[in-house]
1. If the reach is capped at under 15 angstrom between alpha carbons, list the aspartates and glutamates near residue B:102, excluding any in the same chain fewer than eight residues apart.
2. What is the sum of charges around residue A:393, taking Lys and Arg as +1, Asp and Glu as -1, for the other residues whose C-beta is under 13 Å from the C-beta of residue A:393?
3. Using the alpha-carbon atoms, what tilt in degrees (0 to 90, nearest 10) does helix B:2-20 show relative to the longest principal axis of chain B?
4. Compute all pairwise cysteine Cβ distances in chain B, then list the cysteines with no distance under 4.7 Å to another cysteine.
5. Do the alpha carbons of any pairs in A:346/A:470; A:135/A:302; A:135/A:264 sit beyond 21 Å of each other, and which pairs?
6. Would you mind checking which residues have amide H under 5 Å from residue A:132's amide H? H placed 1.01 Å from N; only 5 or more apart, or other chain.
7. With Cβ to Cβ distances under 9 Å as the rule, what net charge do the other residues near residue A:23 carry (K, R +1; D, E -1)?
8. Among residues other than residue A:522 whose Cβ falls under 14 Å from its Cβ, what is the net charge (Lys/Arg +1, Asp/Glu -1)?
Amino acid sequence: MATTKNHPRFDWTNFHFNGGPYPLKLMQDIAPDKSIANPIDRYNDGAQEIQRLLQDSIDNNQRFRAYGSSWSLNNIAYQPDRMLYNSRLNLVIDVAAEHVHAASTHNHQNLIFLECGAVVKQIHNALRQRGKSLKTCGASNGQTIAGAISTGVHGSAIDVGSIQDGVVGLSLIIGPSANDRVYIERASVPALSDGFAASIQSRVIRNDDLFNAALVSLGGFGVIHGVVMEVEDIFLLKRYVRNINPHDALELAKTLNFKDSPFKIPGETAADGSGERPYHYKLYINPYRPNDDFVTEIMFKKPYVANYPNPIPEIQSSIYKDLPSFIAWLAAKFKRSIPLLVAGLKSEVFPPVDTDVLGTLGEMFWDTSPQGAAFGSAFAIDIADSEKALAVLTKVIRDFGPIPGILSMRFVSQSTATLGFTRFPHTCVLEVDGVLWTGNRNIISLEEYLIKCIEALKAAGIPFAQHWGKNAAWGFPGLVDYMYGNADDQWKNMRSALLTKQMADLFTNDFLNTVSLSDFRVGAPVELIATSEIPV
Amino acid sequence: MKSIASRLLLAGILVVLLAACYSVKIRCRDCLPEKDPTNQDQATFGHMVVSVDTATKLGLFKDNAWLVKPCGDKGFYMVEMRVTFGMLMANTFRKKKIMKVKYICEE
């Protein structure tokens, strides 16, 4: 039997020390029964324990939220009653050929069933052993798969979506009863058979709208116990870091037209001399020196070969752990020092230029070490608006700042998730990352700065959405409506149709309340979540 | 003048102390750390860390010390050896060698 260790009165914080510590009545640490050899049996045993904990929460009239690596830079994972640490539930299970749905176009070797707590690094390793790879990942590898998909973690793979867009099946636990284990997938793209769902003791719902709503669930659709992911054959990435003039960089940002760009990487061109389309394109920008060249990190997909030099430097160093706090203190005290600090720390925050390496996706986005309290904000915008949005946010930083952070731009294809924040056909994610500071009479606070950003983008008429796992002025009036139009209603309807009112409340937290996504639609028609016909 | 000189002396001492204080970590490239959600230390967040703060006598003809620790049925994810100015001084002039080691086992 899986077991759970209770830690009462726990002060919880997140990996980036962003906010908190948050007082918690009970932290529950669930561990699988490793004596159960059959992975599906062990998975079901874990599900049974989660359901026991849900019943116990109901009996004690307390809310419940599962969490993993605490990676998000805000309080989305937190609620004050009970939090279930699920990272030890991390099975990686191959999908048998007989478990692929008869109408599916998937090759079973390109599907993998992951338990909620599997972290991205573990998944990279497991897939590599199978000659496979994730299609994309975030810039770091410590998130659990459940946390990553439910907040919309993305990379900068320009023609690939975010991590959740590789998911083809979701195994949810929505209550303590036998009927409360559900396996959801799209009716339009079925993946696994009813036999698979039966093996994990779940009822099947094949419904595109429900699946898309539950993909980025923000923890509100119950416990994500497992996900089925579509993966691909392992590949290598050739990474280049170069200076790029702002004009060329922003023209690429607006169009992603690498073929006709004057910016080319020698050796990454077609026979006619035009530029090849990269897998990954990212820009680093110092907001205090906007006329300087930007730094670009650009990666091209290559076939996998066995022998290539180890791309991860053997010797690395890290800054004094108290240095970020000192920088934050200095910034708050002497705000005019910030541009100098950013320039001085360029080698720490920008990748070294003119370095070329070759490696797998997992090697390119290897371990990151925590380096003190950090903030991060990310605005998704249509690439057509990227130059304009960069100018708007740079102006905010210069007019109301300075703030101790740098800008970057990443690019990703549209998510199919109802509340996927990468919601534009080609999305530019405009980010500001830096050390967490405290506002005072000298310097704007982070909260005020985040409000100014929203106001400025709205005033400029630029549609945007914000990363669910990062800092934002989440309480800004009408923010979610502005970002998502009617999609948030669709999400709420689906949630209300799937969950009972009692369970919807149990899975609610302050974050969902703040963004006005917690309200339950009494009487949401159950037809909304009925299994749809699979198209022939 | 006296005050400036003493401040400069203090700053010099601080620089020497800081320069002598460092740690070396050996980390397994493809391993995963053993988990501990109660660990919210900045450098090892969420990992099960074991700290060893001990001393051992080394005879004149011995130049290394072994620290033998269990690590489940796998291996070490990370081993950190810390050196401070005090340790440098003590270990240079005493037979008893101070060891400050932290390690994390593989999951």
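Each value in this text was obtained by applying a stated rule to the coordinates, not by laboratory testing. Only a predicted model underlies this, so the values are computations on that prediction, with no experimental measurement involved. Note: ideal-geometry Cβ built from the backbone for every residue, glycine included; neighbour counts use all protein chains shown.
1. Straight-line reach from residue B:102, under 15 Å: B:34, B:36, B:41, B:53, B:80.
2. Residues near residue A:393 contribute -1 overall.
3. Around 30 degrees separate the two axes.
4. B:21 - these cysteines have no disulfide-compatible partner (Cβ-Cβ under 4.7 Å) in chain B.
5. Those over the limit are A:346/A:470; A:135/A:264.
6. Excluding prolines and chain starts, which carry no amide H, the hits are A:234.
7. Local net charge: +1.
8. Around residue A:522, the charge tally is +2.
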